[in-house]
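The values are calculated or read from the model by the stated rules, or taken from the named source; none is laboratory data. Computed from a predicted structure; not experimentally measured. So basically every Cβ, Gly included, is an ideal-geometry build from the backbone, and we count neighbours across all protein chains shown.
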Amino acid sequence: MALDGVTLAYLVKELAPLLIGARIDKIFQPEKEEVHFQLRQQGSRRLLLSASATSPRFHLTQENKKNPTSPPMFCMILRKHLEGGKLVSLQQSELERVVTFEFQNYNDRGDLVSLHLHLEIMGKHSNLILVDPSTNTILDGLKRYSHALSHYREVLPGRPYLTPPSQGKQPPLEDEELWRQTLYEEAIDRPITGILLARFAGISPELAREIVIQAGSNTETLLQQCGDIDLSRLFQAYRRLSNPEGFPETQPCLYYNSAPRPQLVAFSFVPFQQYQELRIERFPSLNDAIQSFYQSKSGNNSLESKRGSLRKIVQEQYTHTRKKLKIYNEAEANAQNGLAYQRWGELLTANLYRIPSGASEAILEDYYDPSAPSAVIPLNPHISAIDNAQRYYKLYNKAKTTLLKTKELKENTLEEINYLETLRYNLDQASSLKELDEIHVELAGQGYVAGKHLKKEIPAKKGRTKLNAKAKAKSPKESPQPRVYRSSQDRVIFVGKNNAQNDWLSLRKGKPNDLWLHTKVIPGSHVLIPLEEGEEFPDDATLEEAAALAIYYSQARGSSQVAVDYTHVKQLKKPNSAKPGMVVYDQNWTLYLTPKQEILERLLDSEEF
């Protein structure tokens, strides 16, 4: 949900008493399109102003971001004109998404002057513009552009400031008859939600839907389907939700979608009925709700950005490895055909006396298979029959050698493909930057990425060998934090989040008699059930629930009758050349299971954070 004009009006009303009269101690620009003001008034506050295309906004924040080494030009302009000054007013005009911060400060000549900082919240056209109101001249803008980009106005130092073009929408109306007349200026075959959005200021698509829902209508209802009572209910809902002056009380809320991984999806200044099926979190202030929403959104954006870059690395390596496998398969197929050359060499050797000099082919009985027709063997007429036989022996030996070498290369390639599939799965499942960092370290350790995560190779000294940068990578300093669940019998079940955690869980944390589970052949997480001394297996319910988690955290999620191997930790072995997360075992049991949805939901709700 974006900040619409109505929500902005509530936010301005809430923050104005806290901000007006505050002194500007410091100004920072930690990100390209984000400015922070350090304010002082009965304590210190930090005001965030963002003109980013995806999340333009303003609110108080506790987030202290790292600043660039040298401040950007716009930050220096703000410091020159505003630092040490006072915020004297905070205004919004007619529910438009433009908020004006008025500052007073002394100029270079010692005169007290007023300056306006306009925050324009307009999606990709959002901007922060510093204006001298005495001359209506732009001092600078966070985003500069000329008439080459906008025919309506220029945002450049020295140019006159023009407000964004009006959309001709009505401000909040108190007269129901005038409100109805405004509705009927639109085509009657349009949905009510679309008309509210087009004709009235400050209303977003979410708020338009909420007005219709709280009026007891359907969001697809057309204007021509509304009777007199319907319109009266719509007007009352409109007044209640779109007039901050008449209804000053707010009940801010955040909304989360359903498990297993709740995601923040929206915020509102009062509870919205359209989100009643979602999990709701209430806040004491609208500022706190907005701050939490955008902080979570920023975290998700960073998470998805890092996930995307790592996924690209893994996908490129996966594509390259699949091409290698195709080459090996083709070489293997050609080599299999070359094994027939041994028979031809032996047939020629046995029939040298029958092959005339200069012959281009030999038709010989195949004593390997008397029932088969005679073998037609191509010959090089420029060499003798014995040399032709030797040539076929050489081709046979070459094919045999190719098969032997290709077999090993193919096995290694198949192992790498399987490993890359687990990496792709782990990347999809990662829910925090820390988990992605662990995967990044793993990729560095395997040589898929280079950089600061790798130990640099140092010159060898006497009695010391060089470090292999490809094989050596920094390990996370903190202990891994796998997922922890409780079975219906109150037994602990651990689930690894990535290959590094899988290795740690299975080979370090697990005791020899603990029970280990994993989907058969299918990439997924390692699952561990700690057992008491002398206990061979857990109860049946815990075993089934652990197997359900193994299926859920694997590529077999959603499948039926999935095979899950389980064995004791003491049976696990990790070959010296094995990739992270790869183990082998000789003795195991196999459980075939279709996880029940109600069991999965209870298990996922039991996760300990």
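Taken as a whole, region 21-38 holds no residue that is in contact with a Lys or Arg (Cβ under 9 Å, 6 or more places away or on another chain) and closer than 19 Å to Ser268 by Cβ.
Tell me whether region 449-462 contains one or more residues that are within 29 Å of Gln263 (Cβ to Cβ) and either modelled with pLDDT of 90 or more or surrounded by 18 or more Cβ atoms within 10 Å (Cβ to Cβ) (or both). Looking through region 449-462, at least one residue is within 29 Å of Gln263 (Cβ to Cβ) and either modelled with pLDDT of 90 or more or surrounded by 18 or more Cβ atoms within 10 Å (Cβ to Cβ) (or both). Filtering region 30-49 for residues that are touching a Phe, Trp or Tyr at 6+ places or on another chain (Cβ under 7 Å) and over 18 Å from Tyr294 (Cα atoms) leaves an empty set. Looking only at region 345-401, residues that are under 28 Å from Glu330 (Cα atoms) and either within 60 Å of the chain's Cα centre (by Cα) or of a type in the set (Ser, Thr, Tyr) (or both) come to 12 in all.
Being out of contact with any His (no Cβ under 7 Å at 6 or more places or on another chain) and not in a loop (DSSP other than H, G, I, E, B) is a property that holds for Leu18. The residues of region 561-590 that are crowded, with 17+ Cβ neighbours inside 10 Å and of a type in the set (A, V, I, L, M), listed by number, are Val562, Val564, Val569, Leu572, Val583. Of note, Ala201 satisfies the criterion of being in contact with a helix residue (DSSP H, G or I) (Cβ under 9 Å, 6 or more places away or on another chain), surrounded by 15 or more Cβ atoms within 10 Å (Cβ to Cβ) and outside the structural domain of Val98 (by TED's automatic domain parsing). The single condition among (1) in contact with a Lys or Arg (Cβ under 6 Å, 6 or more places away or on another chain); (2) not assigned by TED's automatic domain parsing to the domain that holds Pro244 that Tyr161 does not satisfy is (1). Scanning region 80-95 for residues that are over 15 Å from Ser114 (Cα atoms) and either in contact with an Asp or Glu (Cβ under 9 Å, 6 or more places away or on another chain) or not in a loop (DSSP other than H, G, I, E, B) (or both) yields Gln92, Leu95.
Yes/no matrix, rows are residues, columns are (1) surrounded by 14 or more Cβ atoms within 10 Å (Cβ to Cβ); (2) in the same structural domain as Val270 (by TED's automatic domain parsing); (3) over 29 Å from Ser166 (Cα atoms):
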| position | (1), (2), (3) |
| --- | --- |
| Val12 | yes, no, no |
| Ala51 | yes, no, no |
| Pro56 | yes, no, no |
| Lys80 | yes, no, yes |
| Leu87 | yes, no, no |
| Glu94 | yes, no, no |
| Asn107 | no, no, yes |
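Among the conditions (1) touching a residue at least 12 places away in the same chain (Cβ under 8 Å); (2) in a loop (DSSP other than H, G, I, E, B); (3) more than 27 Å from the chain's Cα centre (by Cα), Leu517 misses just one, which is (2). When Pro71 is tested against (1) in a helix (DSSP H, G or I); (2) modelled with pLDDT under 95, just one condition goes unmet, and that condition is (1).
Do you know which of the residues in region 567-605 that are of a type in the set (Ser, Thr, Tyr) and at pLDDT 90 or above is farthest from Glu535 (Cα to Cα)?
Looking at the filtered set, the residue picked out is Thr594.
Just wondering, is there one or more residues in region 199-211 that are under 35 Å from the mean Cα position of the chain (by Cα) and more than 23 Å from Glu277 (Cα to Cα)?
Our first condition is that a residue be under 35 Å from the mean Cα position of the chain (by Cα); within region 199-211, this holds for 201-211.
Now restrict to residues that are more than 23 Å from Glu277 (Cα to Cα): 201-202.
Within region 199-211, one or more residues are under 35 Å from the mean Cα position of the chain (by Cα) and more than 23 Å from Glu277 (Cα to Cα).
Scanning region 146-185 for residues that are over 19 Å from Ile211 (Cα atoms), surrounded by 13 or more Cβ atoms within 10 Å (Cβ to Cβ) and either of a type in the set (Phe, Trp, Tyr) or touching a His at 6+ places or on another chain (Cβ under 6 Å) (or both) gives Glu154, Tyr161.
Identification of helices (runs of 4 or more DSSP H) wholly contained in region 336-449 with 1 or more residues that are free of Cβ contacts under 8 Å to residues at least 40 places away in the same chain, in contact with a strand residue (DSSP E or B) (Cβ under 6 Å, 6 or more places away or on another chain) and aliphatic (A, V, I, L, M) yields 340-350, 433-445. Residues of region 1-52 that are closer than 27 Å to Arg144 by Cβ and hydroxyl-bearing (Ser, Thr, Tyr): Ser50, Ser52.
Pairing residues of region 193-222 that are under 20 Å from Thr7 (Cβ atoms) with residues that are among the acidic types (Asp, Glu) and buried (at least 20 other Cβ atoms within 10 Å of the Cβ), at Cβ distances under 9 Å and at least 6 apart in sequence or on separate chains, gives Ala201/Glu96; Gly202/Asp4; Gly202/Glu96; Ile203/Asp4; Ser204/Asp4; Pro205/Asp4; Glu206/Asp4; Leu207/Asp4.
If only one of Ser150, Ser114, Ser166 is out of contact with any helix residue (DSSP H, G or I) (no Cβ under 9 Å at 6 or more places or on another chain), of a type in the set (Gly, Ala, Ser) and in a loop (DSSP other than H, G, I, E, B), which one is it?
On the way: Ser150 fails: out of contact with any helix residue (DSSP H, G or I) (no Cβ under 9 Å at 6 or more places or on another chain); Ser114 fails: in a loop (DSSP other than H, G, I, E, B).
Ser166 is the lone residue from the list that is out of contact with any helix residue (DSSP H, G or I) (no Cβ under 9 Å at 6 or more places or on another chain), of a type in the set (Gly, Ala, Ser) and in a loop (DSSP other than H, G, I, E, B).
Cβ-Cβ distances below 6 Å connect the following pairs, each with a first residue in region 130-143 that is within 9 Å of Leu115 (Cα to Cα) and at pLDDT 95 or above, a second residue that is polar (S, T, N, Q) and surrounded by fewer than 20 Cβ atoms within 10 Å (Cβ to Cβ), and a separation of six or more residues or different chains: Pro133/Ser114. Applying a threshold of 7 Å to beta carbon distances and a minimum spacing of six or more residues, or different chains, the list of pairs starting in region 484-507 at a residue that is in a helix (DSSP H, G or I) and surrounded by fewer than 21 Cβ atoms within 10 Å (Cβ to Cβ) and ending at one that is modelled with pLDDT under 95 and charged (D, E, K, R) reads Leu507/Lys574. Residue count for region 249-304 satisfying the condition of being within 17 Å of the chain's Cα centre (by Cα), polar (S, T, N, Q) and surrounded by 20 or more Cβ atoms within 10 Å (Cβ to Cβ): 0.
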